[in-house]
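Bear in mind these aren't lab numbers, they're just calculated from the coordinates by the rules spelled out. Nothing here was measured: the structure is a model prediction, and the numbers come from that model. Here the Cβ is made from the backbone with ideal geometry for all residues, glycine too, and neighbour counts use every protein chain on show.
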Amino acid sequence: NTYRHDGLPIGPISNPGLGAIEAALAPAAHDYFYFVARGGRRHTFSRTLAEHDTAVGTYHELLKKAP
């Protein structure tokens, strides 16, 4: 992390891993257009803007309850 350690990283900055390259070359087939982070490295995927807006609202409610 260049914010925590002085100097440049060992490898190129933003160097994608093999998994990212494979996903870009052969993307999964789905009909999701939106996503929102849920925390804990989890996401909610939505097909419509209405579904997405609901997911965003749910996430905001979780933030209000967090310590």
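Along the charge dipole of the chain, Cβ charges K/R +1 and D/E -1, which of Ala23, Gly39, Thr54 sits furthest on the positive end?
The residue sitting most towards the positive pole is Gly39.
Please report the relative contact order for the chain, taking Cα pairs under 8 Å with a sequence separation of at least 6, and give it as a percent rounded to a whole number.
On the way: 39 pairs, mean separation 12.4, N = 67.
RCO, the chain: 19 percent.
Can you list the HN-Hα couplings for region 38-51, worked out from phi with the Karplus curve (6.51, -1.76, 1.60; θ = phi - 60°), rounded to whole Hz and with x for Gly and Pro?
Once θ is set to phi - 60°, the couplings for region 38-51 become 9, x, x, 6, 10, 9, 10, 9, 10, 8, 10, 5, 4, 4 Hz.
Can you give the charge dipole size of the chain about its Cα centre, rounded to the nearest 20 debye, using +1 on the beta carbon of Lys and Arg and -1 on the beta carbon of Asp and Glu? Provide the component values of the computation, followed by the final result.
Working: 7 positive and 6 negative charges, 61 e Å.
Value, rounded to 20: 300 debye.
Calculate, in nm to one decimal, what Arg42 and Ser14 gain on full extension: separation in residues at 0.36 nm each, minus their alpha carbon distance. Don't skip to the answer; put the middle values down first.
Details: separation 28, 0.36 × 28 = 10.08 nm, distance 2.14 nm.
Answer, rounded to one decimal: 7.9 nm.
List every residue whose amide H lies under 5 Å from the amide H of His43, counting only residues 5 or more places away in sequence or on a different chain, with H placed 1.01 Å from N in the peptide plane.
Distant-sequence amide H within range of His43: Arg38.
Which chymotrypsin sites (Phe, Trp or Tyr not before Pro) from the chain combine a DSSP loop assignment with at most 16 other Cβ atoms within 10 Å?
Hits after loop and neighbour filter: Tyr3, Tyr32, Phe33.
Counting Lys and Arg as +1 and Asp and Glu as -1, what is the net charge of the other residues whose Cβ lies under 14 Å from the Cβ of Leu62?
Numbers: positive: Arg38, Arg42, Lys64, Lys65; negative: Glu61.
With Lys, Arg at +1 and Asp, Glu at -1, the net is +3.
Can you work out D for the chain in µm² s⁻¹ from Stokes-Einstein, where Rh is the Kirkwood radius over C-alpha pairs, the temperature is 25 °C and the viscosity is 0.890 mPa s?
Working: Rh = 15.2 Å.
Calculated translational D: 161 µm²/s.
Whole-Hz ³J(HN,Hα) for each residue in region 10-17, computed from phi via Karplus 6.51 cos²θ - 1.76 cosθ + 1.60 with θ = phi - 60°, x for glycine and proline: what do you get?
5, x, x, 6, 6, 6, x, x
Report the residues of region 46-67 in range of a label on Asp31: point 7 Å along Cα→C-beta, backbone N strictly under 18 Å from it.
Under 18 Å, as judged by backbone N against the label point of Asp31, lie 46-53 of region 46-67.
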